Amino acid sequence: MSTITRDEVAHLARLARLQLTDDELDTYAAQLDVIISSVARVSEVAGEDVPPTSHSVPLTNVFRPDEPRPGLTAEEALAGAPAVESQRFRVPRILGEEV
Amino acid sequence: MADLTRLTATELAATIATKDASAVEVAQAHLDRIAAVDERVHAFLHVDAEGALAQAKRVDAGEISGPLAGVPLALKDLITMRGIPTTCGSRILEGWRPPYDATVVTRLRDAGVVILGKTNMDEFAMGSSTEHSAFGPTHNPWDLDRIPGGSGGGSAAAVAAFEAPIAIGTDTGGSIRQPGAVTGTVGVKPTYGGVSRYGLVALASSLDQAGPCARTVEDAALLHAVIGGHDPLDSTSIDAPVPDVVAAARRKDIKGLKVGVVRELQGEGYQAGVEQRFREAVALLEQLGAEVHEVSCPHFEYALPAYYLILPSECSSNLARFDSIRYGLRVGDDGERSAEEVMALTREAGFGAEAKRRIMLGTYALSSGYYDAYYGSAQKVRTLITRDFEAAFAKVDVLVSPTTPTTAFRIGERIDDPMAMYLADLCTIPSNLAGNASMSLPVGLAPEDGLPVGLQVMAPPMADDRLYLLGGALEEALLGSWGAPILEGAPAL
């Protein structure tokens, strides 16, 4: 039985902001199905009594003194931007309405 | 003068310190070698001849000294270097020049290391063959039709092809060790938190670790000592001294060292010649006075599935930053399309197949309704694997296994079969999940194909010195039986 359908892959692609082609949807549906079926084995041993590990180094709240220090200049921060206007990142249209 | 590119980092540093050759001559010899062979190997994505020669001049002027002063190095293209293109093997970052240096780069510069350029890799370090680079594959110097491992195939191939004596890689599931194994070089994944991640473009933040690639264990140790240690810019960096890896590499005495052979990392699926060379190396360890035991780590068989849930989950989150707003590629911004549409078009155009596959896999594993069954269970397996290691290290000092089940496969052989590709990291993944220190070193050529075989040594967190202790002793004994370093047997390029 298939664990993931083509429609689910299309949904995932939308969530992940990937404008996939029809061919890609077919390919990934088949491949993700194989991968997910295979990795689902983890549930065999993941009992209620086993605590999860998110990180191998248990660390909490690493602080440094709150002192000003040099950072990037605006020019440096903007140097890699695809579009810049008036010393700011210029973004594509973000509002739904017609301008 | 002898061919400078054939010398180890240790020998080069001595040659430069005694002024038998200048750092500029050493750098130029390696730049010439790159010019001569890299068209065929394709280890480098960018060569910084100007920067390399400028740094070499500083060493020659006596401005910097130290055990690696003047030694050339190749840097994986996942690591930022101010003003130098950093692509991570992806179209989405093509042309991006970082505004800051990674801590690893700062430490290399301060040590007088001469950075030759940036090396090829699977896109954002996802892959085991370097075929997932947007800029074309790297070729294994032992056989140009075969893969050099991945994701750090460029760094390993550069070292194996004598384009650089040492290199920096990053290892999330085996990306330093597996390329080391299939190219006949030494690769070390330090303890998680042992080397700063500041300036490493993140793949899976809880697993990523930078480390050394070299032709000898001692060279790897010298590089490890330079890049290791606490960094306030990385909050996950461990605030404790790095073990004395250089002294350990030079000790060459493993009498009484307790070595555990992992029962679960052998047998079905392992190439006969890989197992043969591995068993011979274990026998040699016994002859050198090590006590060898077989050790069982029953949950290791779940490491690969757990990894392919944890990694994609962290990756889908980390790669969300490539949104076409602050840096990198932007596609389809015609003034009409929304930011969201531009983002989706950009990511479609900028990411390759494996990156998209893992982003979607991670999005799936983290989505509500599936989270507990997939990501949650994988995190529990991570606990079980850590417990397996703890139980094993209560009995033995180090664990050993083959580094990878097979020797280098052919370019194209596994590209359409993601699960087959993932199997290349079967033996290396457990150490990433537990945050252990781990090394691969060459133990010979498989009789059936004449390609290098790697042995993996695993040690508890912050016991990186044990890798070098075993590695240094085993390397010396193997060299005694071979009569020449393994790479002398590679075909001329």
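For the residues of A:27-34, the average number of beta carbons from a partner chain within 10 Å of their own beta carbon is 3. Placing +1 on the Cβ of every Lys and Arg and -1 on the Cβ of every Asp and Glu, with no other charges, gives the protein assembly as shown a dipole of roughly 920 debye about its Cα centre. In the complete set of protein chains, residue-level accessible area for B:Ile34 is approximately 10 Å², probe 1.4 angstrom. Of the residues B:Gly352, B:Ala61, B:Ile168, the one whose Cα sits farthest towards the positive end of the charge dipole of the protein assembly as shown is B:Ala61 (charges of +1 on Lys and Arg Cβ, -1 on Asp and Glu Cβ, taken about the Cα centre). Accessible surface ranking for B:Lys19, B:Lys395, B:Lys380, 1.4 angstrom probe, highest first: B:Lys19, B:Lys395, B:Lys380.
Of the DSSP beta bridges with both residues in chain B, give the percent that are antiparallel, rounding to the nearest 5.
Just about 65 percent of them are antiparallel.
Rg and Dmax over the alpha-carbon atoms of chain B stand at 21.2, 73 Å.
Net charge in the neighbourhood of B:Ser440 (other residues with Cβ under 11 Å of its Cβ; Lys, Arg +1, Asp, Glu -1) is +1.
Most fluctuating residue of A:Glu24, A:Glu44, A:Glu75 in a GNM of chain A with Cα springs under 10 Å: which is it? Taking springs between Cα atoms under 10 Å, the residue moving most is A:Glu75.
GNM remark for chain A: springs join alpha carbons under 10 Å apart, and the peak mean-square fluctuation among A:Asp26, A:Asp66, A:Asp49 falls on A:Asp66. Using the Karplus relation 6.51 cos²θ - 1.76 cosθ + 1.60 with θ = phi - 60°, the per-residue 3J(HN,Hα) values for region B:57-74 come to 5, 4, 5, 5, 7, x, 6, 9, 9, x, x, 10, 4, x, 7, x, 8, 10 Hz, with x marking Gly and Pro. Name the residue farthest towards the positive end of the dipole of the protein assembly as shown from the options B:Ser368, A:Ala29, B:Gly153, assuming +1 on Cβ of Lys and Arg, -1 on Cβ of Asp and Glu, about the Cα centre. After comparing all options, I get B:Gly153. What total accessible surface area, summed over both chains, is buried at the interface between chains A and B, computed with a 1.4 Å probe and given in Å² to the nearest 100? Interface between A and B: roughly 5000 Å². Remark: mean inter-chain Cβ contacts per residue of B:378-387 equal 6, using a 10 Å Cβ-Cβ cutoff to other protein chain atoms.
Around the Cα centre of region B:300-415, unit charges on the Cβ atoms of Lys, Arg, Asp and Glu (plus for the first two, minus for the last two) sum to a dipole of about 280 debye.
B:Thr87 contributes about 10 Å² of solvent-accessible surface, heavy atoms of the protein only, 1.4 Å probe. Simple point charges give the picture: +1 on the Cβ of Lys and Arg, -1 on the Cβ of Asp and Glu, and for region B:91-199 a dipole about the Cα centre of about 320 debye.
In whole Å, what is the distance between the alpha-carbon centres of region B:30-85 and region B:323-358? Between the Cα centre of region B:30-85 and that of region B:323-358, the gap is 33 Å. With a threshold of 24 Å on the Cα-Cα distance, the over-threshold entries among B:Lys356/B:Lys380; B:Lys19/B:Lys57; B:Lys189/B:Lys356; B:Lys76/B:Lys189; B:Lys57/B:Lys118 are B:Lys356/B:Lys380; B:Lys189/B:Lys356. Note on chain A: GNM, Cα springs under 10 Å; of A:Thr27, A:Thr60, A:Thr73, the largest mean-square fluctuation is that of A:Thr73. A simple rule links phi to the HN-Hα coupling: the Karplus curve 6.51 cos²θ - 1.76 cosθ + 1.60 with θ = phi - 60°, which for region B:219-225 gives 4, 4, 5, 4, 5, 4, 5 Hz, with x for Gly and Pro. For peptide A:70-83, the mean count of partner chain Cβ atoms within 10 Å of a residue's Cβ comes to 4. Amide H contacts of B:His46: B:Lys118, each under 5 Å away and 5 or more positions distant or on a separate chain (H built 1.01 Å from N in the peptide plane; Pro and chain starts excluded). At a threshold of 20 Å², the residues of region B:300-329 that become less accessible to a 1.4 Å probe in the full protein assembly than in their chain on its own are B:Glu301, B:Tyr302, B:Pro305, B:Leu309, B:Ile325, B:Arg326, B:Gly328.
Binning the alpha carbon pair distances of region B:306-407 at 10 angstrom intervals from zero yields the distribution 14, 28, 26, 19, 9, 3, 0, expressed in whole percent. Computed extension length for B:Asp239-B:Arg40: 67.4 nm, one decimal, from 0.36 nm per residue of separation with the Cα-Cα distance subtracted.
Solvent-accessible surface of region B:239-308, taken per residue with a 1.4 Å probe and all protein chains present: 48 Å².
Between A:Pro65, B:Gly450, B:Pro418, the Cα set farthest toward the positive side of the dipole of the protein assembly as shown (charges on each charged residue's Cβ, about the Cα centre) is that of A:Pro65. With every protein chain left in place, what is the accessible area of A:Arg14 in Å² (1.4 Å probe, nearest 10)? Per-residue accessible area (A:Arg14): approximately 150 Å². The phi-based Karplus calculation (6.51 cos²θ - 1.76 cosθ + 1.60; θ = phi - 60°) puts the 3J(HN,Hα) values of region A:30-40 at 5, 5, 5, 4, 5, 5, 5, 4, 6, 7, 4 Hz, whole numbers, x for Gly and Pro. Between amide H atoms placed 1.01 Å from N, distances below 5 Å from B:Ser90 occur with B:Phe124, B:Ala134, all of them 5 or more places distant or on a separate chain. Taking every DSSP beta bridge that has both ends in the protein assembly as shown, the antiparallel portion is near 65%. Near B:Ile166, the amide H atoms lying under 5 Å from its own belong to B:Ala74; only residues 5 or more places off or on other chains count, and H is placed 1.01 Å from N.
The values are calculated or read from the model by the stated rules, or taken from the named source; none is laboratory data. Keep in mind that what you see is a predicted model, and the values were worked out from it rather than measured. In this analysis, Cβ positions are derived from the backbone assuming ideal geometry, glycine residues included, and neighbour counts consider all displayed protein chains. The area values use the complete protein model at the heavy-atom level, side chains included, leaving out ligands, DNA and RNA. Shrake-Rupley method; radii C 1.70, N 1.55, O 1.52, S 1.80 Å.
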